[in-house]
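Take a look at the structure below.
We did not get these values from a lab; they are worked out from the coordinates using the rules stated. Note that the structure is a prediction, hence the values are computed from the model and not measured. Virtual Cβ from ideal backbone geometry, glycine too; neighbours counted across all protein chains shown.
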Amino acid sequence: SWRYQPLPGTQDDGTIDWSVFKIWIGEAREILRKNRRLSMGDYSIGELLSSAPAGDDGAWPHAAIRDVIDELASDDLEQGICLGLLNSEGVTTRDPKEGGARERTTAEKFQAWAEIVSGQWGRTAAMLRRLRDSYRGRAGDEDRRTDLRSELLD
């Protein structure tokens with residue numbers, strides 16, 4: 001899974017040299033473009049970026065990743081990031097009466113991050129709001145499942 005791959009530029013101490021990272025992105029995309037694989041490549045790069053750390057301001061993703069998202073303006077890259085995040089959850093268990101509380105909490109987190117980054121990184125903020133909306137939808141789905149279970153067991 002991409003989730004467990006270190007980002008290019010990751011040092012032995014776990015910090016990331018963002019200049020190395022940005023060079024890697026540029027070189028990788030150029031190779032992908034030459035081989036007519038940019039769309040799928042951006043998608044895969046996005047999955048890798050889903051494991052990026054938060055920024056110094058506490059918002060996810062790190063400012064260097066926000067720069068990449070806004071500069072490249074690649075729908076495929078953003079879709080890869082979103083899918084990578086969703087897939088990183090793995091298998092979860094929950095109380096059958098919990099409903100969508102977990103998803104609502106995650107949606108609130110994406111909303112807060114979108115507010116933090118919106119002034120400088122508009123495209124990143126829009127992606128974070130799409131993630132917020134996705135989690136809100138999932139929360140509603142979980143609420144409906146809980147209601148249905150309750151009705152069936154009553």
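Let a ≥ b ≥ c be the square roots of the eigenvalues of the Cα gyration tensor of the range 1-53; is it rounded (a/c under 1.5), or, if not, prolate (a/b larger than b/c) or oblate? Walk me through the intermediate numbers first.
Values: a/c = 3.13, a/b = 1.57, b/c = 2.00.
It is oblate, given that a/c is not under 1.5 and a/b is not larger than b/c.
For residue 111, the shell of other residues with beta-carbons less than 14 Å away shows a net charge of +2, using +1 for Lys and Arg and -1 for Asp and Glu.
At 222 nm, what value in deg cm²/dmol follows for the chain if DSSP H runs of at least 4 each add -39500 (n - 2.57) and the sum is divided by all its residues, to the nearest 500?
On the way: 6 runs with 101 residues, N = 154.
That comes out to -22000 deg cm²/dmol.
On a full-extension model of 0.36 nm per residue, what is the gain between residue 126 and residue 145, subtracting their alpha-carbon distance, rounded to one decimal in nm? Provide the component values of the computation, followed by the final result.
Numbers: separation 19, 0.36 × 19 = 6.84 nm, distance 2.89 nm.
Roughly 4.0 nm would be gained on extension.
With point charges of +1 on the Cβ of Lys and Arg and -1 on the Cβ of Asp and Glu, referenced to the Cα centre of the range 28-104, which listed residue (39, 79, 51) lies farthest in the positive direction of the dipole? Sorting the options by dipole projection puts first 39.
Under 5 Å from the amide H of residue 10 lie the amide H atoms of 17, each residue being 5 or more positions distant or on a separate chain, with H modelled from the backbone and absent for Pro and chain starts.
Please sort by residue number the trypsin sites (Lys or Arg not before Pro) in the range 60-153 whose DSSP state is loop and whose Cβ has at most 12 other Cβ atoms within 10 Å.
Passing both the DSSP loop test and the Cβ count: 97.
Provide the net charge surrounding residue 33, with neighbours chosen by a C-beta distance below 14 Å and charges set as Lys +1, Arg +1, Asp -1, Glu -1.
Details: positive: 29, 34, 36, 37; negative: 27, 30, 42, 76.
Counting the neighbours of residue 33, the net charge comes to 0.
Sparsely packed loop sites in the range 68-154 (the GluC sites (Glu not before Pro) outside DSSP H, G, I, E and B with at most 15 other Cβ atoms within 10 Å) comprise 89, 98. For the chain, the ratio of Cα radius of gyration to the globular rule of thumb 2.2 N^0.38 Å stands at 1.19. Applied to the range 64-76, the Karplus parametrisation 6.51 cos²θ - 1.76 cosθ + 1.60 on θ = phi - 60° returns per-residue 3J(HN,Hα) values of 5, 6, 4, 4, 4, 4, 6, 6, 6, 6, 9, 4, 5 Hz, with x for Gly and Pro.
If you take all other residues with their beta carbon under 11 Å from the beta carbon of residue 98, and give Lys and Arg +1 and Asp and Glu -1, the sum is +2.
Cβ-Cβ distance of residue 30 and residue 89, R₀ of 35 Å, FRET efficiency by 1/(1 + (r/R0)^6): the value works out to about 0.60.
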